[in-house]
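Enquirer: Below are the structure tokens for one structure; questions will follow.
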Amino acid sequence: MNSSVSRAAGAFLWDAVLIVAFALTGRASHAENLWVGLWTTAWPFLAGVVVGWLVTLAWRAPAAPLRTGLGVWAFTLVGGMLLRTASGQGTAVAFIVVAAVVLLVLLVGWRGIAAIVRRRRLARR
């Protein structure tokens, strides 16, 4: 597997793991069974992140905070909320706000940290 495919796969995996962590945290904060409803909570956002990756062509610059991160975040959030609504799950305004902020921090944040680390490594060379 070449390095660009490996980087893209790793970045997508990071996004998916962080979305599952978001769903787990949300379930835990409401004292709900963590594992029984995890898929119910996570799948709309996982579907949204797949759409985000496809629309933004994220594999071309998987760790770019603005070019990729913001687009992936927007599609994950909006797609996730639309799919939650279509499947009869809640989309209270407070949940939308919390999800928007948390997913922004997670999906753009890791990319920002990666960009800082990358710049520092290059500066040392």
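The values are calculated or read from the model by the stated rules, or taken from the named source; none is laboratory data. This is a predicted model, so every value here is computed, not measured. Here the Cβ is made from the backbone with ideal geometry for all residues, glycine too, and neighbour counts use every protein chain on show.
Enquirer: Could you list all residues from segment 68-91 that are assigned to a helix (DSSP H, G or I) and surrounded by fewer than 16 Cβ atoms within 10 Å (Cβ to Cβ)?
Expert: 78, 82, 85, 86
Enquirer: Here's another thing I want to ask about it. May I ask you to list pairs of residues, at least six apart or on different chains, whose Cβ atoms are under 7 Å apart, with the first in segment 63-76 being on the phi < 0 side of the Ramachandran plot and the second being at pLDDT 95 or above and of a type in the set (Ser, Thr, Tyr)?
Expert: 68/56; 71/56; 72/56
Enquirer: Step by step: first the residues of segment 22-67, then only those that are within 29 Å of residue 5 (Cα to Cα) and either touching a strand residue (DSSP E or B) at 6+ places or on another chain (Cβ under 6 Å) or aromatic (Phe, Trp, Tyr) (or both), then the one that is surrounded by the fewest Cβ atoms within 10 Å (Cβ to Cβ). Which residue is that?
Expert: For segment 22-67, the residue satisfying everything is 39.
Enquirer: Right, something else. What number of residues within segment 3-48 satisfy the criterion of being closer than 19 Å to residue 105 by Cβ and basic (Lys, Arg)?
Expert: Within segment 3-48, residues that are closer than 19 Å to residue 105 by Cβ and basic (Lys, Arg) number 1.
Enquirer: Further question: How many residues, within segment 1-55, are of a type in the set (Val, Ile, Thr), touching an Asp or Glu at 6+ places or on another chain (Cβ under 9 Å) and either at pLDDT 95 or above or farther than 18 Å from residue 83 by Cα (or both)?
Expert: Adding up the residues that qualify gives 1.
Enquirer: Right, here's the next one. Six or more apart or on different chains, Cβ under 8 Å: which pairs go from a residue in segment 9-28 that's farther than 17 Å from residue 101 by Cβ and touching a residue at least 24 places away in the same chain (Cβ under 8 Å) to one that's crowded, with 17+ Cβ neighbours inside 10 Å and among the aromatic types (Phe, Trp, Tyr)? Could you list them?
Expert: 12/53; 14/110
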